[in-house]
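**Q** My questions will all concern the structure given below.
The values are calculated or read from the model by the stated rules, or taken from the named source; none is laboratory data. All of these numbers come straight from a predicted model, not from anything done at the bench. So basically every Cβ, Gly included, is an ideal-geometry build from the backbone, and we count neighbours across all protein chains shown.
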Amino acid sequence: MGGARTALFNWLYARRNGGVFVLRVEDTDAARNTPEAVAAIYSGLKWLGLDWDEGPDCGGPHGPYLQSERQHLYDAALAKLEAKGLTYVEENGAVRFRSPRETVVLPDRICGEVKIDRSKEPDMTIRRPDGSYIFHFVNVVDDIDMRITHVIRGEDHIFNTGKHIELFRALDAEPPEYAHIPLILNDDGSKMSKRDQGAAVGYYVDNGFVPAAVRNYLCLLGWSPKDDREVMALEEIQTLFDWEHLNHSNARFDMEKCRWMNGEYVKAQSAEEFVRDAEAWLRGSASAVDEEDARHGVSFRALVRLLTGGEPSEDEATEVLRLKSASPLLANPGSGLLAGVLGLIKPKVRVVPEIAEHLVMQFDPRSPVAMDAQAKVMGQADAGSRLACLAGHFEAMVHWNADHVQEGVAGAAKELGVKVGALMFPLRVAVTGQGHGVDLVPLLVLLGKEETVQRLRHRGPLLTA
């Protein structure tokens, strides 16, 4: 996420100032920079909604944009340094740059004037014994050739920038303007690493986050509009993005805050957008959910196959048959069933994977009842008769919509001599196995009369035993 935020800040600065955003792939280290790693860079930036004006896939006037294809430029720059007597070769064949061993003054747009003492540092290697070039050298050569004017990067590179400025001067070029942004730390204050949860863009893709929400949250890690606003459109952030709005202290990554931010974007989605994202997650990343991750003991993957029309695997087939035999609704699920229930779930979730618990709750009539909800219902001496009365009124109904469901509840309440509210909690627990969840009446309409009555008949005795 550190790299994604750096790219985002550079993109915002370029767009705000009418500049050119360049994507350059630093792939000189063949062992680390695999085709898969490069593909992840492209897909991650595109998922965040970032585009580039020059790069490996779109070309530009300063290509090629893969460092592995720019060897001739590095050779020419090395020859220039050699002609000036600024290099020497070690016994193993490595080439080192003769440092002037001075204090480098870096006028940083965020950190202010930074003095980097290079007087006691060893000469840096710029070419390895195998002929490949070091990161610091090729970056400087590329910045010169591509006419880079501004560089925004993490403040952990400040010391490296001292090396780079030495190379710029040795190559008779002016360095770009630098802005070193504070680091992203974990919530406990430790530096965020690639192994931490949420450190890679792929985590958010796999877990169904809204790209705009993640992008919005990343903007707040080192930048602020200087007021209380947090949920902001990219266009609005772009108009405010300047040096004065960048923070000087390290940012703390808070996954709960990121989930909250995503929840705000989920709320703003249309029903169609949410259903699209949820179905995409169910057909993709949800396949990896283990049964123990889904509550109530049902195979979540089998339920997904039923709801999306997917072909169950051999180990899921038994669960599919069980679900079909236990539920009239799942015996022949209609094409609009999943979209209908997702519409009910939408107000209850912050991130798409949270739909898993709700889907199990709504669609597995044999799933265990939550212990706290069961205890509360069992504490009502006449709960059994109330549920039986509700089942009878529902069963007698000819039509089934929201008005008729409410009429059925009202009729049962009148017969029992209680208020309607006294029936709603045991009704919810009998139907869903939980004491909380989506709006109950629309859910009952979606489940249908037969499914609702069957659940009342099945769970009623269990709740009053």
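**Q** Take the stretch 347-369 and flag every residue that is part of a helix (DSSP H, G or I), buried (at least 20 other Cβ atoms within 10 Å of the Cβ) and within 23 Å of the chain's Cα centre (by Cα).
**A** Once the filter is applied, which keeps residues that are part of a helix (DSSP H, G or I), buried (at least 20 other Cβ atoms within 10 Å of the Cβ) and within 23 Å of the chain's Cα centre (by Cα), the stretch 347-369 yields 352, 355, 356, 358, 359.
**Q** Quick check on the stretch 234-265: of everything there that is of a type outside the set (S, T, N, Q) and touching a strand residue (DSSP E or B) at 6+ places or on another chain (Cβ under 6 Å), which residue is surrounded by the most Cβ atoms within 10 Å (Cβ to Cβ)? Steps first, answer last, please.
**A** The initial filter retains those residues of the stretch 234-265 that are of a type outside the set (S, T, N, Q), namely 234-237, 240-246, 248, 251-261, 263-265.
The next check asks that each one be touching a strand residue (DSSP E or B) at 6+ places or on another chain (Cβ under 6 Å); those that pass are 245-246, 251-253.
Numbers: 245: 14, 246: 19, 251: 19, 252: 14, 253: 21.
Among them, the one singled out is 253.
**Q** Being among the charged types (D, E, K, R), touching a residue at least 60 places away in the same chain (Cβ under 8 Å) and not in a strand (DSSP E or B) is the filter here; which residues of the stretch 127-158 pass it?
**A** 142, 145, 147
**Q** Right, another one. If residue 200 satisfies all but one of (1) within 24 Å of residue 157 (Cβ to Cβ); (2) under 17 Å from the mean Cα position of the chain (by Cα); (3) crowded, with 18+ Cβ neighbours inside 10 Å, what's the number of the condition it fails?
**A** Result: residue 200 fails condition (3) only.
**Q** Pull up the stretch 179-196, narrow it to residues that are surrounded by 10 or more Cβ atoms within 10 Å (Cβ to Cβ) and outside any strand (DSSP E or B), then point me to the one that is modelled with the lowest pLDDT.
**A** Ranking the candidates gives 196 first.
**Q** Can you tell me which residues in the stretch 22-48 are within 30 Å of residue 243 (Cβ to Cβ) and in contact with a strand residue (DSSP E or B) (Cβ under 8 Å, 6 or more places away or on another chain)?
**A** 22, 23, 24, 25, 41
**Q** Test residue 441 against the stated conditions and say whether it is under 37 Å from the mean Cα position of the chain (by Cα) and under 16 Å from residue 397 (Cβ atoms).
**A** Answer is yes for this residue.
**Q** I'd like to check something: does the stretch 292-302 contain any residue that is at pLDDT below 80, in a loop (DSSP other than H, G, I, E, B), closer than 25 Å to residue 439 by Cβ and under 23 Å from the mean Cα position of the chain (by Cα)?
**A** Within the stretch 292-302, one or more residues are at pLDDT below 80, in a loop (DSSP other than H, G, I, E, B), closer than 25 Å to residue 439 by Cβ and under 23 Å from the mean Cα position of the chain (by Cα).
**Q** Still on this model: Within the stretch 1-34, which residues are in contact with a Gly (Cβ under 7 Å, 6 or more places away or on another chain) and of a type in the set (Gly, Ala, Ser)?
**A** Residues satisfying the conditions are 2, 4.
**Q** Right, next: Confirm whether residue 166 is of a type in the set (D, E, K, R), farther than 23 Å from residue 248 by Cα and crowded, with 17+ Cβ neighbours inside 10 Å.
**A** Yes.
**Q** Still on this model: Could you tell me which of the residues 44, 49 is touching a residue at least 60 places away in the same chain (Cβ under 8 Å), farther than 28 Å from residue 121 by Cα and loosely packed, with under 15 Cβ neighbours inside 10 Å?
**A** Sole residue among the options that is touching a residue at least 60 places away in the same chain (Cβ under 8 Å), farther than 28 Å from residue 121 by Cα and loosely packed, with under 15 Cβ neighbours inside 10 Å: 49.
**Q** Okay, next question. Within the bounds of the stretch 147-159, is there any residue that is within 21 Å of residue 250 (Cα to Cα) and acidic (Asp, Glu)?
**A** The answer is yes, given that some residue of the stretch 147-159 is within 21 Å of residue 250 (Cα to Cα) and acidic (Asp, Glu).
**Q** Residues 19, 85: which one is exposed (fewer than 14 other Cβ atoms within 10 Å of the Cβ), in a loop (DSSP other than H, G, I, E, B) and at pLDDT 95 or above?
**A** Within the list 19, 85, the selection yields 85.
**Q** Could you grab me the full set of residues in the stretch 446-463 that are more than 15 Å from residue 363 (Cβ to Cβ) and buried (at least 19 other Cβ atoms within 10 Å of the Cβ)? Show your work before the answer.
**A** As a first pass, look at the stretch 446-463 and keep what is more than 15 Å from residue 363 (Cβ to Cβ): 449, 453, 456-457, 460-463.
Those that are more than 15 Å from residue 363 (Cβ to Cβ) and buried (at least 19 other Cβ atoms within 10 Å of the Cβ): 449, 453, 456, 460, 463.
**Q** Here are 407, 415: which of them is free of Cβ contacts under 8 Å to residues at least 24 places away in the same chain and of a type in the set (D, E, K, R)?
**A** Criteria check complete, one pass: 407.
**Q** Additional query: Please find, within the stretch 109-126, the residue that is nearest to residue 149 (Cα to Cα) out of those that are without any contact (Cβ under 8 Å) to a residue 24 or more places away in the chain and touching a Leu at 6+ places or on another chain (Cβ under 8 Å).
**A** Among them, the one singled out is 113.
**Q** Hey, another quick one. Looking at 384, 435, which one is in contact (Cβ under 8 Å) with a residue 60 or more places away in the chain, closer than 21 Å to residue 341 by Cβ and among the small types (Gly, Ala, Ser)?
**A** Exactly one of 384, 435 is in contact (Cβ under 8 Å) with a residue 60 or more places away in the chain, closer than 21 Å to residue 341 by Cβ and among the small types (Gly, Ala, Ser), namely 435.
**Q** If you scan the stretch 213-233, which residues turn out to be over 18 Å from residue 183 (Cβ atoms), surrounded by fewer than 18 Cβ atoms within 10 Å (Cβ to Cβ) and not basic (Lys, Arg)? Reasoning before the result, please.
**A** To start, the set of residues in the stretch 213-233 that are over 18 Å from residue 183 (Cβ atoms) comprises 213-216, 225-233.
Restricting the remaining residues to those that are surrounded by fewer than 18 Cβ atoms within 10 Å (Cβ to Cβ) gives 225-233.
Across the stretch 213-233, the qualifying residues are 225, 227, 228, 230, 231, 232, 233.
**Q** Among the residues of the stretch 111-123, which ones are out of contact with any Asp or Glu (no Cβ under 8 Å at 6 or more places or on another chain) and not in a strand (DSSP E or B)?
**A** The answer is 120, 121, 122, 123.
**Q** Give the stretch 396-415 a look and list any residue that's over 43 Å from the mean Cα position of the chain (by Cα) and either in a loop (DSSP other than H, G, I, E, B) or within 18 Å of residue 440 (Cβ to Cβ) (or both), or say none.
**A** Keep residues of the stretch 396-415 that are over 43 Å from the mean Cα position of the chain (by Cα), which gives 396-399, 407-408, 410-415.
Those that are over 43 Å from the mean Cα position of the chain (by Cα) and either in a loop (DSSP other than H, G, I, E, B) or within 18 Å of residue 440 (Cβ to Cβ) (or both): 396, 397, 398, 399, 407, 408, 410, 411, 412, 413.
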